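Since the structure comes first, as structure tokens, the remarks are kept for the end.
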């Protein structure tokens, strides 16, 4: 059956340009290509930094499992093979957590991008996986592991749903914002931008910066004037909370500047 075309409102996923250029010329294995594309989709729907996907999540992902199903086919073996090739090529990095962690035998994958490597370096104890694969028997996972929360929104989906497509430069700025501001702030700032019909990153960023420098109040608490729907601080902001927000904001700004200096 022929594909009927993409419907209106279809979401888009940012893909590194080299993957659609020189890397695409090199990739010959279909399993590797499918695992890479699905892995990028899964990673962009993760929250936190760096974004990590466990091997179990790959092996139990319904789309990947269906992509490799068929008579005489082993979907788990195909997924593991694709992962191994992607790690060998350097598109994904495979790491295991610190030795004292309860899941220290698990393997987690992340995109081999500078920002991800930098974020992972701040996680003490994490080391590269020897082969990029779990211990023997991983290919026989029965699918009982928890499924990934792929529909949980992150700053990328917030932007795409409320503003528009993401450029590579904007993606970097969004990553920094996610490191800098609490998730509740990001979600509420985008909501305010939509309510005010000001669907732009400049407007959202302005709200976040005001909250960071002047203190954030509850937008629903407007009965006494301390909350405002435009994201501006109310006149009853608590002095202690305001100072704490300012200090946290300044600390995060210093961290980002330090990271940029080390590049």
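What distance in nm separates the two pseudo spin-label positions at residue 213 and residue 3, each 7 Å out from Cα along the beta-carbon direction?
My value for the distance between the label points is 4.6 nm.
Calculate log10 I(q)/I(0) of region 27-126 for q = 0.10, 0.21, 0.25 Å⁻¹, where I(q) comes from the Debye formula with a single equal point scatterer on each Cα and nothing for solvent.
Treating every Cα as an identical point scatterer, log10 I(q)/I(0) equals -0.27, -1.09, -1.40.
Using mean Cβ contacts within 10 Å as the protection proxy, how do 80-86, 70-76, 43-49 order, highest first?
Put in order of decreasing packing, that is 80-86, 43-49, 70-76.
Measuring from centroid to centroid over Cα atoms, what is the spacing of region 69-85 and region 167-215 in Å?
41
Highest mean first, how do 163-172, 88-97, 50-59 rank when packing is the count of other Cβ atoms within 10 Å averaged over residues?
Answer by packing, highest mean first, reads 50-59, 88-97, 163-172.
What ranking do 116-129, 25-38, 177-190 get when scored by the average of other Cβ atoms within 10 Å per residue, highest first?
Ranked by mean Cβ neighbours within 10 Å, highest first: 177-190, 25-38, 116-129.
How much length is gained if the chain between residue 11 and residue 173 is pulled fully straight, taking 0.36 nm per residue apart and subtracting their Cα-Cα distance, in nm to one decimal?
56.4 nm
Between residue 77 and residue 27, what length comes free when the chain is fully extended (0.36 nm per residue of separation minus the Cα-Cα distance, one decimal in nm)?
My answer for the length gained is 16.2 nm.
Laboratory data are not the source of any read-out in this text; all were calculated from the coordinates shown. For clarity, every value in this text was computed on a predicted model and none was experimentally measured. Here the Cβ is made from the backbone with ideal geometry for all residues, glycine too, and neighbour counts use every protein chain on show.
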